[in-house]
Amino acid sequence: MEVPLAYAASRRHRSPPTLPFGWGAVTVLLVGAGLLIGGIVMILYGMLGFLMGTIGAATSGSFSVGGFFQTFFGAIILFVIGGVLAGIGGWLVRLWWIFLLIGAVTGGGSGGDTVRARDEMRAGDVRVRCRACGRLNPEEARFCLSCGQAV
């Protein structure tokens with residue numbers, strides 16, 4: 001008995017690799033990382049400005065209470081704005097990890113959970129289901145890859 005050819009001589013088309021959850025999730029990650037870094041830099045700048053202003057005013061002969069409160073409230077404003085930006089950025093970065101976790105649990109990411117799922121993903125985008133065993137076969141297949149029945 002002759003074994004039937006599983007594939008026609010046509011060329012297989014593969015879709016280009018994609019990122020999990022698309023470019024929107026990557027944008028969320030990049031914006032979140034930018035806000036987080038910007039917030040941390042703003043907090044550090046406010047702290048450094050407060051220390052330098054206070055130390056500079058204390059070591060000079062012209063220390064004034066108004067100058068001290070001006071640097072103090074300026075630092076507080078920078079701390080608050082930086083903290084809000086860092087908090088939003090940290091939330092967006094955590095949202096990215098939640099996207100990845102959900103994709104890994106539900107199989108919505110780029111990889112299959114089983115050998116059969118990975119084989120079916122490699123087969124191409126358009127698939128034909130076998131009437132006998134239910135396996136998804138590539139569009140070019142004339143016979144089922146599992147049971148050998150005509151598709």
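Laboratory data are not the source of any read-out in this text; all were calculated from the coordinates shown. The shown structure was predicted, so the numbers you read here are calculated from the model rather than taken from an experiment. Ideal geometry is used to build each Cβ from the backbone, glycine not excepted, and the neighbour counts take in all protein chains shown.
See the values below:
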item: The stretch 37-92, residues that are touching a Ser or Thr at 6+ places or on another chain (Cβ under 9 Å) and among the hydroxyl-bearing types (S, T, Y); result: T54, T71
item: Top-ranked residue of the stretch 42-62 - restricted to ones that are among the hydroxyl-bearing types (S, T, Y) and part of a helix (DSSP H, G or I), ranked as surrounded by the most Cβ atoms within 10 Å (Cβ to Cβ); result: T54
item: Count - residues of the stretch 77-88 that are out of contact with any helix residue (DSSP H, G or I) (no Cβ under 8 Å at 6 or more places or on another chain) and loosely packed, with under 13 Cβ neighbours inside 10 Å; result: 0
item: Among (1) surrounded by 12 or more Cβ atoms within 10 Å (Cβ to Cβ); (2) outside any helix (DSSP H, G or I) - the single one G67 does not satisfy; result: (2)
